[in-house]
Structures are given as structure tokens and as C-alpha cells.
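The values are calculated or read from the model by the stated rules, or taken from the named source; none is laboratory data. Values in this document were obtained by computation on a predicted structure and should not be read as measured data. When we count neighbours, we look across all protein chains shown, and the Cβ atoms used for this are built from the backbone with ideal geometry, even at glycine. All accessible areas refer to the heavy atoms of the entire protein, side chains included, with ligands and DNA or RNA removed. Shrake-Rupley method; radii C 1.70, N 1.55, O 1.52, S 1.80 Å.
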Amino acid sequence: METAYQLAWLIPVFPLLAALVTGIGLITFTKATSRSRSLASVLSVSSVAGSMVLSFWLLWSQIQGHDAYVQTFEWAQAGSFHLNMGFVVDHLTTMMLAVVTTVAFLVMIYTDGYMAHDDGYVRFYAYLSLFSSSMMGLVLSPNLVQIYIFWELVGMCSYLLIGFWYDRKGAADACQKAFVTNRVGDFGLLLGLLGIYWATGSFEFAEMGDRLKELVESGALSSGLAALFAILVFMGPAAKSAQFPLHVWLPDAMEGPTPISALIHAATMVAAGVFLIARMFPVFEELPVVMDTIAYTGAFTAFLGASIALTQNDIKKGLAYSTISQLGYMVMGMGVGAYGAGLFHLMTHAYFKAMLFLGSGSVIHGMEAVVGHDPVLAQDMRAMGGLRKYMPITSATFLIGTLAICGIPPFAGFWSKDEILASTYAVNPLLWAVGFGTAGLTAFYMFRMYFMTFEGSFRGNDGALLATIRAEVPVVEHHSSVHEGHGDEHSSDHGSGSVHHAHEPHESPFTMTFPLMALAVPSVLVGLLGTPMGNYFEAFIHAPGEAIAEVPVEGFTPEFLVMAGSSVGVGLLGISLAVLIFLQGKISSDKIAQSVLPLYLFSRNKWYLDDLYDRLFVTGSRRLARQVLEVDAKIVDGVVNLAGFSAVVSGEALKYFENGKAQFYALVIFIGVLGLVIFTSV
């Protein structure tokens with residue numbers, strides 16, 4: 001078993017090697033490598049499969065009771081400063097590795113079908129491998145500095161993948177928005193990292209927590225300054241995990257291909273933020289104001305995301321705001337001290353949200369057979385309907401994911417979300433009320449999404465409806481030969497004169513449906529690891545410093561039945577309302593929207609936060625830049641030009657004093673001495 005721990009460093013190396021081989025091939029033998037599609041896909045999928053096997057080997061060893069394993073080497077030294085690098089294998093690491101590798105493995109299989117006719121097929125696999133490697137390296141990192149290095153690598157890969165179709169304006173803008181927004185959070189993380197090191201002299205998680213506690217208790221460091229450092233560190237996870245006010249990049253990230261949307265939203269980038277909160281828990285838990293900040297930020301973000309998702313018609317953006325909301329639940333759970341519950345929801349959410357995103361990609365793939373390669377029409381749920389008839393596997397798995405995220409028992413999301421709500425209620429009933437109400441909104445918008453997409457009659461052949469939808473959205477720049485969801489017999493390159501579309505959508509190929517079916521299994525069953533009859537997850541993943549000798553067994557107590565029953569009840573209420581409006585049509589959604597038009601527009605326009613940020617930061621920055629340019633041109637350049645002009649004029653004047661006549665020089669000296677004498681005598 002020790003062999004597995006000694007080989008743990010290979011987990012991120014396998015996909016890194018795949019990315020290097022593919023990337024170097026693209027640079028040196030571009031055409032030959034681009035044609036080697038099968039080789040690129042087999043190499044990438046196999047590398048992640050190897051990492052997955054090794055990850056589960058380590059997970060099983062940790063479940064059997066093996067001690068945490070740390071292996072480091074000295075990377076840098078300057079005087080008394082020592083910085084170690086290496087890897088750590090503990091309960092948290094192995095759980096995260098299992099989630100990351102399984103989702104990445106299935107996403108890579110799905111990619112083969114989804115990107116089958118994409119010109120950048122090989123390049124996409126290279127990016128995916130590098131992205132997966134970066135996340136695995138982050139999870140294995142033993143200290144905050146190494147996490148920061150991989151943290152930036154994850155951000156770089158997200159930039160490349162969101163902007164994969166870089167010649168499409170929406171994708172180019174989205175990757176820049178993601179990059180800039182995350183730089184704000186990462187700058188705070190860097191300042192907090194340096195501040196904590198200044199105070200504690202360590203980058204090790206447990207040491208930072210212990211020393212910071214000692215410094216605050218002894219009065220050597222004020223609690224306010226310690227809290228400031230910790231909140232600065234929290235800015236990093238707030239950006240990565242799309243917490244208010246740094247959440248605005250995540251919906252725009254939908255401009256990237258759907259496989260990367262699934263990977264970002266499920267097991268990699270957004271999970272990195274919650275993971276760092278867990279790693280920094282020894283620091284955060286000693287500072288109540290920081291824990292409150294984390295909890296309130298998560299609760300507000302959960303409500304914010306759910307309230308915006310209510311009115312979104314783009315299937316991918318609806319799921320994006322759903323992710324923001326669910327991440328808010330996780331962060332709120334961590335903030336109230338429910339360490340295990342927050343990570344439990346991270347794990348369950350990773351599986352069912354990956355399935356939902358891949359399901360949306362399957363829907364888009366089927367829709368493009370009918371409406372063509374127009375991302376607006378292919379992703380707008382108003383143009384869908386009745387797809388259950390044509391896409392039975394996609395619809396069944398999407399329904400499973402919908403039930404899971406709505407918290408309906410016995411699906412996975414019920415057990416993890418209920419645990420967060422119960423823990424929150426015990427600490428802060430106000431935050432519980434926010435989470436409780438958000439659960440009802442979640443059930444409503446998710447079943448709205450399901451009914452609009454899969455039930456009723458198919459609306460994709462209604463030319464008038466499609467024209468109305470298309471007229472609402474400005475014309476976007478399409479990739480010349482790249483589009484969402486290729487791989488059907490009806491696809492054709494953009495710009496061809498004769499494009500023939502099918503009259504009906506169709507089910508996706510096996511390479512796309514297999515990952516959906518595989519992810520449906522943990523979406524149903526993985527929640528059983530954390531039931532009141534035996535919370536095996538809590539026994540395995542518990543807060544640092546806690547010792548759990550045996551599996552907690554609480555049973556179905558009256559308290560549990562009340563809390564769980566109320567959360568299921570509000571979920572069923574949301575589902576019932578969605579049935580009346582979007583399935584049976586007994587209530588008109590248009591009339592409801594008109595009756596609360598200001599609220600509807602507030603939600604539809606995403607609380608106007610994007611407009612506010614555009615006016616404050618984008619337009620404001622440009623206006624400031626123009627003003628600085630004016631100052632530079634008229635004042636700074638003016639001073640420089642004046643100095644040059646003065647030098648020229650004085651030089652021209654002084655040259656007449658250099659005539660080579662000794663008598664003239666003597667006269668000048670005499671006048672100077674005379675002037676000096678007169679000046680001193682006065």
C-alpha cells in the first residue's frame with residue numbers, strides 16, 4: 001500500500017504529460033497532430049484514467065485507516081526562510097481527487113462525441129488535460145504557496161478554455177471577464193497569504209491556525225488585523241467559487257464548449273474555492289467575524305443565483321446561475337462551521353451538476369440538427385419542448401439530476417443540502433430561512449427548465465417563434481467552422497450555400513450518453529454515504545482537529561423529520577407551481593411576469609449587476625484612462641518638452657560666450673567677481 005503513496009505525485013503528472021505531448025505536437029507538427037484525433041483522445045482519456053485508478057487506490061487506503069502521508073522537499077531558502085514543495089495525501093485530498101478524476105474522465109469521453117467535427121478537437125484535449133492536471137496538483141498541495149501556484153494555473157486554463165472559440169466575440173469577451181474578475185480575488189488572496197506569513201512565519205495550514213490563535217490571544221496581533229488577513233484570503237475562493245460580488249464571470253463562461261462548462265462548474269475551478277476554504281478552516285474557525293462573513297456571503301449568493309435563474313431562457317446560463325446558488329449553499333455551510341456538510345454537498349453537486357451540464361450539451365447537439373448552428377436558438381428553452389420523445393436517455397438523466405438538485409429523497413442532493421440547512425438552523429435561523437426559501441426557488445426553476453425542454457410539444461419548427469427569439473438577441477459572431485454540438489449527419493460548415501436541417505431532434509451518440517448514464521449512478525446513490533442511519537462521509541471527512549471514533553448514527557429523529565420534511569415540502573411546493581405553469585398551463589407565466597414586471601425585469605437583467613459593473617469599472621476605467629492620457633500629453637509631456645526647449649535656447653545663447661578671446665573671458669570673470677563682491681557687501 002505504501003507504493004500508492006510514493007506514486008501519488010504521478011496523479012497530476014499523467015494528464016500533464018498528455019497535455020505536453022499533444023501541445024508540442026501541435027506546435028511542431030501542426031497538421032499531422034491535428035489529424036491525429038484518435039491518438040489525442042486516447043492519450044488524454046488514458047492519462048486521466050490512470051490518475052483516477054491511483055486516486056481510488058489512495059481513497060481506499062485512507063478509508064482503511066492509513067495515516068496521512070506528506071512528502072516534501074526544500075524548494076527555496078533565503079536566510080531563515082524555507083519553502084517546501086511536495087504533496088499531501090489525507091482524507092480531504094483523496095475525496096477531492098476521486099471527484100475530480102471521475103468527472104474529468106467522463107467529460108473527456110463525452111468530448112469525443114461532442115467535439116467530433118470541431119477543427120480544434122486536438123487543441124481542446126490538450127487544454128482539458130492541462131486543466132485537469134492543474135486541479136489535481138492544487139488538491140495535492142501541502143501548503144498555501146503551492147496551492148497559489150496551481151491556483152493560477154487553473155485560472156490560466158479556464159481562460160484558454162472559456163475563450164476556446166477565440167474568434168467569436170462573445171467567447172473572447174467572456175474569457176477576459178473571467179480572467180479580470182478572478183485577478184481581483186487572486187490579488188486579495190496574495191495579500192492575505194503574505195499578511196498571514198508576516199504574522200505567523202508559516203505557510204502550513206495547521207501551523208498558521210495555531211500561531212494566529214496564539215498571537216491574537218496574547219495580544220501580539222490584533223483580532224481585527226488577523227480577520228483582515230483571513231478575509232483577504234477568502235477573496236480568492238469568493239472569485240473562484242463565484243460568490244457575490246465576484247460571481248459575474250461564471251454565467252459568461254458558458255461561451256466555452258459545453259464539456260468545459262461541465263468541468264468548470266462541477267469538479268474543478270468552482271470546487272477549488274470551496275476546497276481552499278476547507279484547507280484554511282484552521283485559520284478561519286478561530287475568527288468569528290470571518291466565519292460570519294463567509295456564511296452571510298454564501299447565503300446571499302445562494303439567493304442571488306436562484307432568483308436570477310428563475311427567468312433565464314438559455315439552458316446553459318440557467319444552469320450557471322444554479323451553480324452559483326449551490327456554491328452559495330456550500331460556502332454558507334462552511335461559514336456556520338458545517339465543514340463536513342459543505343464538502344458533502346460539493347461532492348454530490350459535482351456529480352449531478354456535471355450530468356446536468358452534459359445533458360444540456362446533448363440537448364444543444366440535438367437541437368442543432370433542427371435549427372442549425374445558431375447558439376441562440378439551439379440553447380433557448382423556448383425553442384425546445386417535447387424532447388423526451390426524441391432523446392429518452394438525455395431526458396431521463398436530466399430528470400434524475402433535477403430531482404437531485406431539488407433535494408428530493410432519496411437522491412444525493414437531498415442528504416447533503418438537508419445537512420447544510422440543519423447545521424445552519426442550529427447556528428443562525430436567519431441564514432436558514434434564506435437557504436430554506438432558496439430551496440423552493442431551486443425546485444421551481446429546475447423543473448421549469450425540465451418542462452420547457454423535455455415536455456409538451458416540440459417548438460423548434462415554429463418559424464415565427466424562432467424569428468421572435470432571434471430578434472431579441474443581437475447577432476453574434478459565429479466561429480467560421482466551430483459550433484456547439486457537432487457530430488450529426490445534418491451538420492455543415494458555416495457559410496455553405498445549402499444547409500439541410502432535420503425536422504426532428506435526435507438522441508446523442510453513445511460517447512455522449514454513456515457519461516450521462518454513468519453520472520446518474522452517483523447522483524442517485526452517493527448521498528447514501530451521509531444518511532442519519534450512518535453518516536460515513538462525516539466520519540471520513542471531518543474538520544481538522546476533530547476526532548471521530550465511529551460512524552455517527554443519529555437515526556430519523558423528530559428534529560430530522562421536521563427539518564427534512566420542511567425542506568422537501570418547500571421543494572414540492574416549487575415543483576407544483578412549475579407543473580401548473582409550464583406543464584399543465586393552468587397559470588400563465590406571461591401574466592405573472594406582467595403583474596410583477598419590475599421584479600421580473602430585475603431578475604431577467606441579473607439584478608443589473610453586469611450593467612452596474614460595466615458603468616463603474618469598464619466605462620469608468622476607460623474614462624479615467626482618457627483623463628490620464630490628457631494629463632500625460634499636456635502636463636507630463638509638456639514639462640519634458642519645456643525642459644528640452646529650455647536647454648536648446650540656453651545653449652544657443654551661451655554659444656556666443658564661447659568665442660576663444662582671452663580678453664573677453666577676463667572681462668566676464670571680472671564682472672562676475674565684481675557682482676559677487678557687491679552682493680556679499682549688501
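Points worth noting:
- Any hit, segment 279-295, residues being closer than 30 Å to Tyr127 by Cβ, touching a residue at least 12 places away in the same chain (Cβ under 8 Å), open to solvent by 10 Å² or more (accessible area, probe 1.4 Å) and in a helix (DSSP H, G or I): yes
- Matching entry among Ser650, Ser603 (being farther than 30 Å from Gly318 by Cα, open to solvent by less than 60 Å² (accessible area, probe 1.4 Å), in a helix (DSSP H, G or I) and at pLDDT 80 or above): Ser650
- Set side by side, the residues Gly236, Gly195 differ, and just one is surrounded by fewer than 19 Cβ atoms within 10 Å (Cβ to Cβ) and within 23 Å of Asn84 (Cβ to Cβ), which is Gly195.
- Among the residues listed as Gly65, Gly86, the single one being surrounded by fewer than 16 Cβ atoms within 10 Å (Cβ to Cβ) and at positive phi: Gly65
- Met381 in contact with a strand residue (DSSP E or B) (Cβ under 8 Å, 6 or more places away or on another chain) and touching a residue at least 12 places away in the same chain (Cβ under 8 Å): yes
- For beta carbons closer than 7 Å, sequence separation of 6+ or different chains, a first residue in segment 62-84 that is touching a residue at least 40 places away in the same chain (Cβ under 8 Å) and among the hydrophobic types (A, V, I, L, M, F, W, C) and a second that is open to solvent by 100 Å² or more (accessible area, probe 1.4 Å) and assigned to a strand (DSSP E or B), the qualifying pairs are Leu83/Trp75.
- Screening segment 1-120 for helices (runs of 4 or more DSSP H) wholly inside it with 3 or more residues that are more than 30 Å from Ser362 (Cα to Cα) and among the aliphatic types (A, V, I, L, M) returns the ranges 10-28, 37-63.
- Boolean, Met512 is at pLDDT 80 or above, on the phi < 0 side of the Ramachandran plot, out of contact with any strand residue (DSSP E or B) (no Cβ under 7 Å at 6 or more places or on another chain) and open to solvent by less than 20 Å² (accessible area, probe 1.4 Å): yes
- Some residue of segment 457-464 being assigned to a loop (DSSP other than H, G, I, E, B), charged (D, E, K, R) and open to solvent by 10 Å² or more (accessible area, probe 1.4 Å): yes
- Checked against the criterion of being on the phi < 0 side of the Ramachandran plot, assigned to a helix (DSSP H, G or I), at pLDDT below 90 and under 32 Å from the mean Cα position of the chain (by Cα), the candidates Val570, Val618, Val628 yield just one match: Val618.
- A residue that is in contact with an Asp or Glu (Cβ under 7 Å, 6 or more places away or on another chain), more than 20 Å from Trp415 (Cα to Cα) and either open to solvent by less than 10 Å² (accessible area, probe 1.4 Å) or of a type in the set (Lys, Arg) (or both) occurs somewhere in segment 348-364.
- Restricting Glu472, Glu507, Glu477, Glu489 to residues that are farther than 30 Å from Gly209 by Cα, touching a Lys or Arg at 6+ places or on another chain (Cβ under 8 Å) and either open to solvent by 20 Å² or more (accessible area, probe 1.4 Å) or modelled with pLDDT under 85 (or both) narrows the list to Glu477.
- Within segment 156-180, tally of residues that are buried (at least 23 other Cβ atoms within 10 Å of the Cβ) and within 19 Å of Phe275 (Cα to Cα): 2
- Wholly within segment 371-430, helices (runs of 4 or more DSSP H) carrying at least 3 residues that are closer than 21 Å to Thr442 by Cα: 392-405, 412-427
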